[in-house]
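Take a look at the structure below.
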Amino acid sequence: MLYVEDDENDVFFMQDAFREVGITEPLQVVRDGQEAIDYLAGTAPFEDRERYPLPCVVLLDLQLPRKDGLVVLDWIRSQSSLRGLIVIMFSSSAHPRDIDRAYELGVNSFVVKPVSVQKRMEITKLLKDWWLGCNEFASIYEGCATWNAEV
């Protein structure tokens, strides 16, 4: 899974929530929109797919340095090799314009970041149960098929 987030506190709390709910897949983190594009494209410094595997799911913040989440989402959906990638917008914004635009660009889900640690745990558990437990991934994401067996 790839987490695109520039706030260190959000990264810390998400990593903690992953551990708490038992998500064992590594959480790769990039800090801005351009790094997200570089990671997904496999360009320097992310060309080693052993160290930086193609993710099954992208958790994408909306407000990012360099390129915002909507620009990254638009780029992802313009790449034929990434069209099947699950993208979840995970943002502090609940503005209808942002939500509508994300869905127009092809986001799979839009989740407003919770304020409380308890609510973040609940959302992370739902993420694990639905997207990693029930969801079937496109065949190009070969490593993702094993997630359902592990969850």
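Key figures for this structure:
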| quantity | calculated |
| --- | --- |
| Shape parameters for the chain, alpha-carbon atoms, Rg then Dmax in Å | 14.3, 39 |
| Simple spin-label estimate for residue 77 and residue 94 in nanometres, 7 Å along Cα-Cβ | 2.4 nm |
| Gain upon complete extension [residue 126, residue 8; 0.36 nm per residue less C-alpha separation] | 40.2 nm |
| Residue-averaged 222 nm ellipticity for the chain, from DSSP H runs of 4+ at -39500 (n - 2.57), nearest 500 | -11500 deg cm²/dmol |
| Amide H within-cut-off set for residue 86, under 5 Å, with H built and near neighbours excluded | 58 |
| Overall form of the range 49-97 per C-alpha gyration tensor (a/c, 1.5; a/b vs b/c) | prolate |
| Contact order normalised by residue count of the range 1-141, Cα under 8 Å, 6+ apart, percent | 24 percent |
| Net charge dipole size for the range 2-150 [Lys, Arg +1 and Asp, Glu -1 on Cβ; Debye, nearest 20] | 280 debye |
| Label point distance in nm, residue 27-residue 119, each placed 7 Å from Cα along Cα→Cβ | 1.8 nm |
| Estimated FRET transfer efficiency (residue 15, residue 108; beta-carbon r; R0 25 Å; 0.05) | 0.70 |
| Positive-end residue of 94, 11, 55, charge dipole of the chain with Cβ unit charges | 94 |
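None of the figures in this text is laboratory data; all of them are computed from the coordinates on show. A quick note: this is a predicted structure, and the numbers were derived from the prediction, not measured. With ideal geometry, Cβ positions are generated from the backbone for all residues, glycine too; neighbour counts draw on all protein chains shown.
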